[in-house]
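The values are calculated or read from the model by the stated rules, or taken from the named source; none is laboratory data. Keep in mind that this is a model prediction, so the values were computed, not measured. Here the Cβ positions follow ideal geometry from the backbone for every residue, glycine too, while neighbour counts run over all protein chains shown. When the accessible area is computed, the model is the full protein with side chains, heavy atoms only, and any ligands, DNA or RNA have been set aside. Shrake-Rupley method; radii C 1.70, N 1.55, O 1.52, S 1.80 Å.
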Amino acid sequence: MKLQEVNVTIKDMKCEQNTLRNPDGSVDYSEGDTNVVAAVYGPADCRESRQLIDRCAVEVSFRPKDGIPGVAERFLENTIKNICETVIITSLHPRSQIMIIVQIIQDYGSLLSCAINAVCMALQDAGISLSCLPAAVLVAITEKDSEEENPHLGAVEKEQEIVIFPSRKEESQASATLLFVLDSVKKDTICTLCNGTLPPALYENCLSVARAASDKIFTFYKESMAKKLFTATSGLSVK
C-alpha cells in the first residue's frame, strides 16, 4: 500500500461566544455540520467534600442530543476532563470548582475534536487562566483503489488516504482513527487517542498533518477572540 499526498484543508469552523446568559463563558461552536454548545461555570465555591486544598476541581458533563448520558458520554467526559486539568492553571483557585457542560446539537462526525475545541473557546470566553491553548484534530486512515496496478500481484493496489475531521461514515470505514490534542506553544501532544493499528511511519505522517491543521485552528481562535473584543469595545456587530 502507498500513502496519498494530503492537502491540509479543514472543515469550515464557526463560533458564537457568550451565547448563554447564566454561565461565566459559553460558545456555540461548529466544525462542518457537527455542532456543540459548551458552557463554563466558575471558578466558584463547591461543597467541602469536593474541595482540593491545592487546586480547583474540574468537572465535565457531556450531554447527548437525545436521552440520558451513557458509557460513551462518560468516556468523552473523562477525556475532556483530563485535557482541561492539564491546560487549566488550577493552582490559582484552590478549594473551588470549574464546571464544564457540553451539549451535542448535531453529530455528523469528529464529535470529540469538535467538543474539545468548543471547550477551549468557552474557557477563553470565561477568562480562565490556561498554560496553553489546546487544539484537537481527528484524522482517519481510509483506503481506496489506486489507478495503478501492481505488476507483482496482478491486482489493483490499495492507496491509503489521511482524512482530516472525517464524517461519521468515514470514521466507520477507516482502518484507524487518531485524535491529536496539540498545545499552542510548541505543538507538542497533550493527548493522543488511537483506534486501530498503523505502522510508526504512518503515525508520524498523521502527526505532521495534525500539526499543520492545528495552525489553522489556532488562527481561528485568535480571530474569534479579536472579533469578540472588538465588538465589546466598540459596540458594533461583527459578522
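Details
- Flag if residue 24 is open to solvent by 20 Å² or more (accessible area, probe 1.4 Å), over 23 Å from residue 168 (Cβ atoms), in contact with a helix residue (DSSP H, G or I) (Cβ under 6 Å, 6 or more places away or on another chain) and not polar (S, T, N, Q): yes
- Out of 224, 172, sole residue that is polar (S, T, N, Q), open to solvent by less than 70 Å² (accessible area, probe 1.4 Å) and either out of contact with any His (no Cβ under 8 Å at 6 or more places or on another chain) or not in a helix (DSSP H, G or I) (or both): 224
- Test: residue in the stretch 58-70 that is under 26 Å from residue 164 (Cα atoms) and open to solvent by 30 Å² or more (accessible area, probe 1.4 Å): yes
- Number of positions in the stretch 197-214 that are of a type outside the set (Ser, Thr, Tyr), in a helix (DSSP H, G or I) and touching a residue at least 12 places away in the same chain (Cβ under 8 Å): 9
- Condition met for residue 105 (over 26 Å from residue 194 (Cβ atoms) and either part of a strand (DSSP E or B) or of a type in the set (Ser, Thr, Tyr) (or both)): yes
- Flag if residue 179 is at pLDDT 85 or above and either hydrophobic (A, V, I, L, M, F, W, C) or over 22 Å from the mean Cα position of the chain (by Cα) (or both): yes
- Taking the stretch 87-102 as the range and being closer than 17 Å to residue 40 by Cβ and either modelled with pLDDT under 95 or more than 16 Å from the chain's Cα centre (by Cα) (or both) as the test, the residues that pass are 89, 90, 92, 93, 96, 97, 98, 99.
- Residue 49 vs. criteria hydroxyl-bearing (Ser, Thr, Tyr), surrounded by fewer than 20 Cβ atoms within 10 Å (Cβ to Cβ) and over 30 Å from residue 160 (Cα atoms): yes
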